[in-house]
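What follows is a set of notes on a single structure, which appears directly below.
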């Protein structure tokens, strides 16, 4: 089996499109699973065991988040632990224009995601939530890049700009043929990406 690949960007960054693309490259991908991926990672980290045992046979993981009014688990933020548990794994950080991402996330699930975050973090307004998310985006992206810039981890991270994906570089990174015809947005909340 090929090394695992983890998408460690936020949701609403082409996670379903990337899962579809990876499945067409021969990976067994799992996306979101109602927050079970995020729970598995969090629980393993808290109890110091290897995560994702219940996802045996899968080698690509995306949208690793659980959003409830009383619980937010952001499994993608455990990238250091995932690397510790799976040192041969590769990581993809999906990104897009941050303003477009915030707008999309505010509308996601007819407002369910925004309402979960507002309640869980006691945030009053959409504007305050947008600023909270913007700071979180910047901090998370910087933390991921910093972690993977060390010499021993260099080459384990690929930053995927979903608005302008470089499929030839992604092919080199994964060492598989990536066919751009398999790239299509799924579950879109932005008019820009609706076909």
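All of the numbers you see were taken from the coordinates with simple rules; none came from a lab. It should be emphasised that the depicted structure is a prediction, and the values quoted were computed from it without experimental measurement. When we count neighbours, we look across all protein chains shown, and the Cβ atoms used for this are built from the backbone with ideal geometry, even at glycine.
Numerical summary
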| read-out | value |
| --- | --- |
| Answer residue from segment 2-13, given it is assigned to a loop (DSSP other than H, G, I, E, B) and within 15 Å of residue 165 (Cα to Cα) and is nearest to the chain's Cα centre (by Cα) among those | 9 |
| Within segment 75-105, tally of residues that are without any contact (Cβ under 8 Å) to a residue 60 or more places away in the chain and within 17 Å of the chain's Cα centre (by Cα) | 5 |
| Any hit, segment 96-113, residues being touching a strand residue (DSSP E or B) at 6+ places or on another chain (Cβ under 8 Å), more than 17 Å from residue 18 (Cα to Cα) and surrounded by 20 or more Cβ atoms within 10 Å (Cβ to Cβ) | yes |
| Selected residue (criterion: surrounded by the fewest Cβ atoms within 10 Å (Cβ to Cβ)) from residues of segment 14-32 that are farther than 16 Å from residue 167 by Cα and under 13 Å from the mean Cα position of the chain (by Cα) | 16 |
| Residue count for segment 48-81, restricted to those that are surrounded by fewer than 21 Cβ atoms within 10 Å (Cβ to Cβ), within 24 Å of residue 25 (Cβ to Cβ) and out of contact with any strand residue (DSSP E or B) (no Cβ under 7 Å at 6 or more places or on another chain) | 3 |
